[in-house]
Each structure stands twice: as structure tokens, then as C-alpha cells.
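For reference, the structure is listed below as C-alpha cells.
The values are calculated or read from the model by the stated rules, or taken from the named source; none is laboratory data. All figures in this text were calculated on a predicted structure; none of them were measured in a lab. Backbone-built Cβ (ideal geometry, glycine too); neighbour counts: all protein chains shown. Quick note on the areas: whole protein, heavy atoms, side chains included, nothing else; ligands and nucleic acids left out. Shrake-Rupley method; radii C 1.70, N 1.55, O 1.52, S 1.80 Å.
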Amino acid sequence: MNLLVFHLTLSHYLSLSPLPSPSLPPLSFALSLSLSLSLSLSLSLSLSLSLSLPLSLSLSLSLSLSLSHSLSLSLSLPLSLSLSLSLSLSLSLSLSLSVKLIHNVMLLMIFMDGVVYNSLIERNPALIRDRKHHLKTYRQCCSGKELVDWLLKLNEGGQSRSQAVGMWQVLVDEGILVHVKQELNYHDKDTQFYRFLESEFSQDPLRDSGRDSEDELQEGLSLLSQMGPDALLTMILRKHPSQRSAEDLEVIYEELLHVKAVAHLSTSVRKELAAVLVFETHGKAGTVLFSQGDKGNSWYIIWKGSVNVITHGKGLVAKLREGEDFGQLALLNDAPRAATIILREDNCHFLRVDKQDYIRILKDVEANTVRLEEHGHTVLVLEKSTTDSTDQGGAGGSSKYTVMSGTPEKILEHLLEKVKFVCSSTDSCVGDFLLTHKIFMASSQLCPALQHQYPLMFTLEKADYSLAARQKVVKLLGQWVLLYGRLLKDDPVALDFLEKEVAADSRLSTMPKDQLRERRRTRLSHHLKWNCLKGAIYGELSCLPLLIMSRVSVVFFTLVLYEISRPDNIPITLMLPVNTSVQEVLSAVVKPGADYVLVKMNSMGDRAQLKLDSSAVSVGLGLNERLFMCTSSQVERLEQQGPEQGTADALEQMCSKDVASQLTHYDWELFTAMHEVELIYYVFGRSKFPGATTANLQRFVRRFNEVQYWVATEVCLCQDLMKRAALLKKFVKIASVLKEQRNLNSFFAVMFGLSNSAVQRLYKTWERIPSKTKRIYCAYERLMDPSRNHRAYRLAVAKLSPPYIPFMPLLLKDMTFIHEGNKNYKDKLVNFEKMVSQTKLFVHHKCGSCTKLINFNVKALVSFASDIKCISIFCSG
């Protein structure tokens, strides 16, 4: 069945050079004031800005003024000193003014508008009433439990109680909701009472009722839901360790997974730390946390803020920031502090582990560790696990020990011992081993090790044992074939082993018929069959006990679009395998023997003639690079032409949902084409794996950049102000649909395109966007917040169920974080826990059927296809 694919040929746009920015260096002024502020702005060809600053109010303001060709000026006004000041500026040409406000100011604006409070009064006024407890009356207050119940009913089961508690905790932190006894933590109890600062809210008589107020309420709740998890986490950390519930500990543990200071620690240690961490805050910069020579009593992890490390005789030796730690050395060596720690900024937060807890955790870990030795050397390290052992390589409920490290051969032997033949079981740890084995055990080592575990001779006394051993090896081989599929054809050692050593064994046909019948029912659907290896490899392996792993492998998608320009810039498009060589590309376009070369050229005019044996050149192109086919004499005369006009008119006629659906459909093809092992090659270094390719991964990453700069280029090419505003609104709608379709990669690409500085400075265009669209954009922009290691994005992803397309740049960052924070070997043993951690990051993204693609309206696109010059629509079989 032919599939209509919506493909954006963005290279025409991406050939443009970056927009020029002011060449003058910025001027900056820093004032410390206590003031009241009034602004009067007059925008035309010139702008008049006046600031009148008598001493009355304390606030923090950041102004950024920039001119396209003459001046860039920034003012930063943190306030502390009483002062009067008058300042006037007269600026010609264009001006961009931005006032940066932090989240709590936005939150106050929402609640000053009274949206949620008014909704509470209108829908359930009985919640606010006089209450009695312990013979004492509390006037006009709400109970904590009733507020949570009201919020859950309002969201119709879309949130858990803990999430609702976090949303109310935000208001407690901001002082909008106050406990009658001034307690800082929100309590989900009938006997805990809270009051709104009613003076802060007022019913607006001009407020429109109906749909607008409902939309505002949902936007207010959306903001609260985004800020709630942070507030909930802080509330949990403020609790005494003995008061934390199992759910609280799980929240802390999930957060520690992304903290640099504990990245090298094992899962069990992180869980132990979650139970003993103490939250500690210090409000003033310059505070001495401890001094050099003091007794070491605690280990600190910086949760928020930064510190200076100072030693006698050397002065400042280091600056530590969020996620880093200090103080551990004194606990390990039982020695005095080796440096002085001083806060660099106000309001610093720390996670503290006291010495007695730290020593106990180390002892507990050692007590739960089992070391297997052979000939006086440790060959396998197992650790007692408190989680389901089937997820960690154990044997269901019969074993609670997981592999931490070991020699490759011993890890393999242990995994084979734990293999079960229950059809419903999933050997995820075997899959982790197979995905990462090339890091520590090449196929030339793995195949002999498997052969060693595969008895060649049966004896009457050990017939059952020998057959069971063979079946376990064959099951592992089945998973290997299923996981890698066609990639095994490029591994001659593995292919030869499967053909000669295993496939010829006819004794495997003695497996129970009902077991074989069940195996057949659990095989993949027709598009995932591995027919390429069926004949030569299988033989009797057609009856292998192939259990489907928890992840779903897909066919290695090899055809990609090659767009090659002639010297006159007329493009030629063709579909070729991703690893096609330059020689094969030329042969597909011109007759063999012709004097043609393939040249890579960027928008700056730099040219590079590609070697004939180079492969996968299409995925290695930069965003502003194109392929040209010409004769050797034409190379120096090549010119790359960029687009002169955008496609705003055509895009405006197209339905936003149709455009987003086509983007999602194409992204699904790219995502499912990418094999999981490509991420391993990419993170650990492709050069370490001879013959390995990451072409599909590179193509997927490139796609993100293409969409991002396509959005920015389209907006900048649109010269009409009203059309440009409509185009911005269109892209926000497209981003909204992409988010609904769980295509996070393209969603962030569109958002990053709209956040490009060339687009952001179009302030007149942004002024003409409807306020509702602006609010949606601001809500989506908060998901791009990189603070707390992109916590906003991670919380949004945690609510999704697979399949979805992840934000690939961040996924690669997380894998690199684990790789660089943990060594491949511990005491000359393979750090297998690191391997499992790597695979867990990306395996769950592909769970579920990748065939559940989003429906898209082909007819709607066909009707506009003739009007779109810069968007090519092609069919693939």
C-alpha cells in the first residue's frame, strides 16, 4: 500500500545566513534601589522612555532594549537602596523591550485576577465557612481534604491526590493560601484549615462569564499543575525523614536519578539516601556553611544555588553549583574539613546526609552484596534488590539478587541460569545484555562463550539437564536474532555461528508441541518477521522458543530521500538505502563512467568533493548544506540559492491538524527506523564499533533541527505584518496538535523555532496575536524550562503512556550523563548496572505497537499540493 508522506524540503530555507545582529558591544548598568516605578512608552519612529523613581516600593526588574543597527542597552535593577532617579532615553529605529518575570509573579497575576478563587466561590461556596476543632473556632476557612477533593472533582480524575496537594502547596508557598497556624506544609486532612487572602481577590463586574472564564480557569489550573510537582517535592523534603511515606520516598528517589552527585551510586544506595536526606536552607550570601578544620559531620548536595570552596593559602579553589556535592571526603576518612564553604548567593538549598546515616548505608550495601570468587579473584558481584527481580535480571520471586558487575563470561552464565521457559515471562535483563554486549564482549568472544554453554553431547544420566541447557542458549539466541534482525548480516562472526553451530541441531525439535504452539502465537506480526535470516540461519531453529521481550523491535528502515541539485539548482530526488555510497548515488543518476562528482556545499560557498567510497552522506549534511552533482570543471562555479519567499499563503490554507499529523507520521517512520543499538553506538563512540552505523539516529536528530529552522525561516520570510501574525498563530496551533499526538520531538522543534531570537524580536507581530494564543504559547514555553535538569519536561513525560516520540536531544543528553558519570569497569569487572541504566532510558519509548500511528487527512493535503513549491510530497511503497 502506497503511503503518502508529507516531507519538508527545508534545505532551501536553511541555506540562508543567520540574520545580522548589532555589532556594537552591549552597555550595562547595575543599580540597587528601593523604588516605585512608572513607565511611559511612545512607539513610532522614536521611543521615549521615562522612569520616575521615588522611594516607596521594593521590586526586581530586568529591561532589555535593543536596536537593529545602532545600539544595544540592558538595564538590571535589583533593589535594596533608597534613592530617587530620573532617566529619559530617546531612541530611533526599531526597539525591542522585554520584561522578564519569574513564575510566582505570573501566578500572582492569575490569582489577583481571582480566577480560581472566584470559581471556588461560585461553584461551592460552602467550602469556606466557620469550623470548630478542639473547642476552638476558626473563621471562614477551608479544610485541606475538602480543597483537594474539590480540585480532583474539577479535573475529573485527571490527577492523583498527591498532585492536587502539590498544586495547593504552590499557593501556600506564595502566601496566597495560609494555614490557620502558619504551618508551611499543606496537609490533606479534615482537621487542617486554610484561608485565602480574600483581600487579594475581587470579583470583577466586567468579567465575561461562560466559555472565556472556563478557559481562564483551565489555564490557571494548568499553571498550578506545572508548578505543583516542585512544590510537592520541596514539601516532602521539608518533612522529617521518619515522617516520609513510601510514596514520598519514591518521589525523592525519582528526583535523585537526575542529580549529578549521586549518578555513580547504585540503585539501592540511592533508595537508602531518599530515606535519610535532610532539607537545609540558608538565606544569605556570604554565610559560612563550615570552616576548614571543623569536624566532618555531614555530606551536602547542592539542590539550589552555588557555593565557593576556599582553602588556607590558596584562596578560592572552586565554585560548586546545583547538582554537585561537597563534604564527603571528611566522612570517608574521618578527618577534619579540608576547605571552607561559603554561599555565593541568597536562598541556597541543600540536601544533607548525616555521618551516622552515611556510614550505615555503606554497611548495609556491603551486607547485601554477594561476591563470587574463582581462583582467588572476584568474578561476579550480586546485590540484594527490593524491587521486582524480573526487571533486573533475577529469577522472578525466587531470587532477589541483581547483577551489579562481573566478568562477561560469568554475567552470561548467570543470565542463562535464570532463564525460564514460562511463556509470560520477559527476560529484559537478557535484552540489556544483548544490546550492550559489544561494549565489553565482542561477537568473537560471545559466540565461543555461548558454544561453551551449549552441550554438544548427550549422556543418559544428564539428558534432561543437557537439553534444558541447550534450550536456554537457543532462547537467548532467539532474542538476539529478534533484537538485531538484519543487523546480524553485517556481523560475520555471529552469522557463521548461527548457521554452522546451532541451526543444524535437530534434537531441539523434541520440545513439547504445546510449548512450540505457544511460541508461534507470541511471534511478531508480519512486518516484524526476520525473513532475511530465515533459511540459512534457522534450519531447526524454526522451532526456537522465541519469547517476545518487553520491547518491540522493528525492521531496519533503510530507504531515505536523497535530494541532489544540478549546477542550475534544479533538484533531483530519489530514494536510496541509507548507507548508499557516493559511487552508487552517481550510478543511480548518470551513466557509469561519466565525469561527474558529488559535491557538498554550504551557504557560505565552502565546497567539499566527496570520495566515491563515502557512505550515508545524506544524513551527514549540515542544515545549510546541499549536495550538488556536476562535472569537475563546474565545481568552482557552483552557487547555492536560498529561498526568496515563504509559503505562508499555502500554509494558512492547510488545516493545522493535517500539517501536524503529517509531521508526526514522518517522524514515526524515522523513529521506528532507528534501532536501539544506534544510541549505544552514538553515546559510547561509533569508532569503537567497527562497521557500526548511526545513520538513522543522525537522520532523526537532523529532523529536529530542520523543523526548528523551517519554522523560524518561514516567519522571517513573511513580509506582511498581519500574515506574519497569522503564521505565528498557525505554528502555535501546530505545536498544540503535536503535543496532543505525543510527538514531543517535533513539538519542541516548533517551539524552539518560535523561540529563535530572530522571531522573538518581532514584537509588533507578537502584539497582534490573540491573548488566548499567547497564554497557550507561554504554557508550552514553560515546558522548555531547562532548570532542574529539564524537570518540567520530565514531569510532562511521566504522565504519558507509550508509544510516544521523545525529545531526542534530551534523551541523548541523559545517556551521555550516565556514560560519563559511570565507568565501564569497576575493579576490572564489567559495570553491568550501568548497561542496564542506559537501556532503561530509551527502551520504554518504543513499547507498545509502533503501528498505532496518528490518522491523517490525505485529501486535505492533496488539494493544496500544487500550491506548495517548497514542500515535496512523495509516495513510498
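Observations on the model:
- The alpha carbons of the range 802-845 occupy a box of 39, 17, 7 Å along the principal axes, longest dimension given first.
- Only aspartates and glutamates eight or more places from LYS500 in sequence, or on another chain, were considered; those with a Cα closer than 15 Å are ASP491, GLU540.
- All aspartates and glutamates inside 16 Å of LYS181 as judged from Cα atoms, apart from same-chain residues fewer than 8 positions distant: ASP130, ASP173, ASP190
- Accessible-area value, LYS723, 1.4 Å probe, nucleic acids and ligands omitted, Å²: 100
- Pairs spanning more than 18 Å between alpha-carbon atoms, out of LYS363/LYS410; LYS271/LYS384; LYS304/LYS840: LYS363/LYS410; LYS304/LYS840.
- Quarter of Cα convex hull surface for the range 726-815, i.e. mean projection, nm²: 6.1
- Cα-based reach from LYS314 at 16 Å (exclusive), listing lysines while leaving out same-chain residues under 8 positions away: none
- Amide N of the range 653-687 lying under 20 Å from the label point, which is placed 7 angstrom from the Cα of ALA588 along Cα→Cβ: 666-667, 669-675
- At R0 = 22 Å, FRET efficiency that the Cβ-Cβ distance of LYS145 and LYS181 yields, to 0.05: 0.85
- Farthest toward positive dipole pole in the range 233-350 [+1 Lys/Arg, -1 Asp/Glu at C-beta], among LEU316, LEU289, THR234: LEU316
- Of LYS239/LYS799; LYS739/LYS813; LYS600/LYS729; LYS319/LYS764; LYS600/LYS657, pairs whose Cα-Cα distance is over 31 Å: LYS600/LYS729; LYS319/LYS764; LYS600/LYS657
- Viscosity 1.306 mPa s, temperature 10 °C, Stokes-Einstein D of the range 601-701 from Kirkwood C-alpha radius, µm²/s: 93
- Phi to ³J(HN,Hα) by Karplus 6.51 cos²θ - 1.76 cosθ + 1.60 over the range 632-646, Hz, x for Gly, Pro: 4, 6, 8, 4, 6, 9, 5, 9, 9, 9, x, x, 9, 8, x
- Protection proxy ranking, peptides 578-591, 738-751, 237-250, 468-481, average beta carbon neighbours within 10 Å, highest first: 738-751, 468-481, 578-591, 237-250
- Efficiency of FRET between ASN124 and THR281 - r from beta-carbon atoms, R0 30 angstrom, step 0.05: 0.25
- Cα gyration tensor, the range 217-298 - rounded (a/c under 1.5), prolate or oblate: oblate
- Relative packing of 429-438, 486-495, which averages over residues the other C-beta atoms within 10 Å, highest first: 429-438, 486-495
- Here the range 269-391 has an Rg and Dmax of 18.0, 58 Å, counting Cα atoms alone.
- Put simply, the amide H of LEU598, placed in the peptide plane, has neighbours under 5 Å in LEU610, leaving out anything fewer than 5 places away on its chain.
- Summarising the label geometry, the points placed 7 Å from Cα in the beta-carbon direction at SER771 and LYS363 lie 6.4 nm from one another.
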